[in-house]
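Here's the structure, in structure tokens; my notes come after.
Quick note: the coordinates plus some simple rules give every number you see, no bench work behind them. In this text the structure is predicted, and so the values were computed from the model without any measurement. Quick reminder, even Gly has a Cβ in these numbers, built from the backbone with ideal geometry, and neighbours come from all protein chains shown.
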Amino acid sequence: MTAAWRSVLPHLGYDLPPDLTPERTGGPVSTGLPLELVRQSISLREWWDIPEEVLAQYRKYRPTPLWRAHAFEKEVDARVPVYVKYEGGNISGSHKLNTALAQAFYYKRAGVTEVVTGTGAGQWGTALAAACAAFGLRCTVFMVGGSLRDKPYRGSLMRLLGATVHASPSGLTSLTEGGNSLALAIGEAVEYARGGEGRAFCIGSGENYSILHQSVIGLEAADQLHALGAEVDIVVGSVGAGSNFGGVALPFHARHRAGEADAVRLLAVESSATPKLTRGVYAYDHTDATGSGPMEAMYSIGSSFPIPASHSAGLRFHGAAKLLSAMRHHGSVDAVAVGQREALDAGRRFAVSELVVPAPESGHALAGAARAARESKRGVLVCVSGHGLLDLSAYDQLLAGRVRDLAADDSALAAATAGLRLVEADLTGVK
Amino acid sequence: MTTTHSRRDEVTLAVKRLVIRESRLSLTPADIADDEPLNGAVLRINSLGFLGMLVRLEDELDVVLPDDLFTGKVFTVVSDLVDVVLRAVEEHR
């Protein structure tokens, strides 16, 4: 098992556009983020030793399995081998535990006693609840209310792990509407965290440090492929904000840039209901509904875009991570959008062929992998980021023929992005 | 006494240089008063910018600032930050 995370930042060859300070000013400055996470976000250091306490937790479920999916290849008429890296085998059921453990460790070391977060599908909330249990922190989760109603066992699991779970909007904060539902849940968590001593808001994915922690996925996968004598030329992952995709794909980019391996195509698969990478704009936008944080340069469909309910709550986010967005802007990341019917059907095909039920989010990656396996010359690696055992109602609806695609409407996209400031060419900084 | 004063001067200068840069201003450290608000009419430091600034301050002063020194604390004016960084520099050098 790898004992260090690998950062892609030193291999980009350009700086990420700086965040923009919100217009309103005044009042004191406070910090809730451990400095080590800031160092990991901005430093050009490539390798970061994983703290022993985090490694000890990783050893309970890592290395995660990688296998050649022969039956799935047959199911989707693949022309090349398809290798699956499976991150659903831990208690949280997804890749999110990789960064939750690291973040909980650093928050605890910084003197925080309670971490607060917002979650859509509940995978992040569950992961953070598990990490807090491991490191002795209190955990409060604001979960998108509709998602909690659809997946009550997510709430049960978080509570089992000791977390306090609130359906958002919760009535506990001043936020009752604004932005999309995940942005609102995150906004509530931000506000709630500000209201108590020892509390800190903790974000699930998208930040550079989160993507760094997820590099264990790609680093392990590269070693496992090498041990099998296998090669791939396309690496595929689904994108909500981008942490599982970044985790599986960016170590391959770093290896290539460091002269250690051939180039591979990095293929991000997003939901056609939230098509930021394929139909969004590269602009400064808020990451949550409070709009209190700095605006980040991201591919976005607008933080005010009314995202429809879907079976892939983990993909229902308006923007892509700033790191991933910059790489997309510079041509290092390809993207496709997939509708939820195709995604769930790819998930069904994977379940019957490989006997693993993937999360609907991972169904998007599998649909993308199925397409890629008809274009690839050498092989495809796909990250199945989580299991779908708490998403069976989605598969029930697929089998009943009741799943509809919810492609974003052009006029709604134009309206939600009209006021955003585009990232200027001189800020994208090619060196 | 002299050593303490020179260290305070060194930290104050480094902090002022960084708050000016973070606020994207064309001023000199001498233009910034010790009681200048960090987030006000002149300086425009937000929480995340503040954190990035602390990491750059580590490079500038060649120290590692401990996490628990800053998390949950409130900083209003330039000298609030100088006081805490100075304490860290003296404890960790």
- Which value, in debye to the nearest 20, gives the size of the charge dipole of the range A:65-152 about its Cα centre, when Lys and Arg are +1 and Asp and Glu are -1 at the Cβ? 200 debye
- Task: Within the range A:309-352, find all residues whose amide N lies under 18 Å from a label point positioned 7 Å from the Cα of A:ALA415 along Cα-to-beta-carbon.
- Result: A:309, A:318
- Query: Measuring from label point to label point, each 7 Å out along Cα→Cβ, what is the B:ALA33 to A:ALA309 span in nm?
  - Reply: 5.7 nm
- State the cysteines of chain A left without a partner when partners are defined as other cysteines whose beta carbon lies under 4.7 Å away. A:CYS202, A:CYS383
- Listed by chain and number, the residues whose amide H is under 5 Å from that of A:ARG79, excluding neighbours fewer than 5 places away on the same chain and using placed H, are A:ARG374
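Fewest to most neighbouring Cβ within 10 Å: what's the order for A:VAL76, A:VAL380, A:VAL112?
Numbers: A:VAL76 20, A:VAL380 30, A:VAL112 26.
The most exposed by this proxy come first: A:VAL76, A:VAL112, A:VAL380.
Please give the FRET efficiency for A:ALA3 paired with A:ASP262, using the beta carbon to beta carbon distance and R0 = 25 Å, rounded to the nearest 0.05. Mind dumping the intermediate values first?
On the way: r = 26 Å, r/R0 = 1.02.
That gives a FRET efficiency of 0.45.
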- Query: Can you give me the relative contact order of chain A as a percent, contacts being Cα pairs under 8 Å and 6 or more apart?
  - Reply: 21 percent
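Using only atoms on other chains, find how many Cβ atoms lie within 10 Å of each Cβ of peptide B:49-62 and report the average. Numbers along the way, then the final one.
Working: counts 6, 5, 11, 6, 2, 4, 8, 2, 0, 2, 1, 0, 0, 0.
Mean number of neighbouring Cβ atoms from other chains: 3.
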- Towards the positive end of the charge dipole of the protein assembly as shown, with charges on Cβ (+1 Lys, Arg; -1 Asp, Glu), say which of A:ALA365, B:LEU27, B:LEU69 has the farthest Cα. A:ALA365
- Note on the structure: Toy charge model, Lys and Arg Cβ at +1, Asp and Glu Cβ at -1: the protein assembly as shown dipole around Cα centroid in debye, rounded to 20, equals 1180 debye
- Be a star and scan the range A:373-408 for residues whose amide nitrogen sits under 14 Å from the point 7 Å along the Cα-to-Cβ vector of A:ARG68. A:378-381
- Neighbour net charge for B:ASP34 - beta-carbon separation under 13 angstrom, K R +1, D E -1: -4
- Item | Residue-count net charge about A:GLY162 - beta-carbon cut-off 13 Å; Lys, Arg +1, Asp, Glu -1 | +1
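Report, in deg cm²/dmol and to the nearest 500, the calculated mean residue ellipticity at 222 nm for chain A, where each DSSP H run with n ≥ 4 adds -39500 (n - 2.57) and the sum is divided by the residue count. Spell out each step's value before the answer.
Values: 17 runs with 167 residues, N = 431.
Theoretical 222 nm ellipticity from helices: -11500 deg cm²/dmol.
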- Task: Count charges around A:ALA104 for me, please; just the other residues with Cβ under 13 Å from its Cβ, Lys/Arg as +1, Asp/Glu as -1.
- Result: +1
- Message: For B:LYS16, A:LYS96, which order do you get if you count the other beta carbons within 10 Å of each Cβ and list the fewest first?
- Response: B:LYS16, A:LYS96
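Scan chain A and hand back the longest stretch that contains none of the GluC sites (Glu not before Pro) lying in DSSP loops with at most 15 other Cβ atoms within 10 Å. Can you show the working numbers first?
Details: sites that count: A:GLU23, A:GLU46, A:GLU177, A:GLU197, A:GLU260, A:GLU375, A:GLU424.
Longest gap between qualifying sites, sites excluded: A:47-176.
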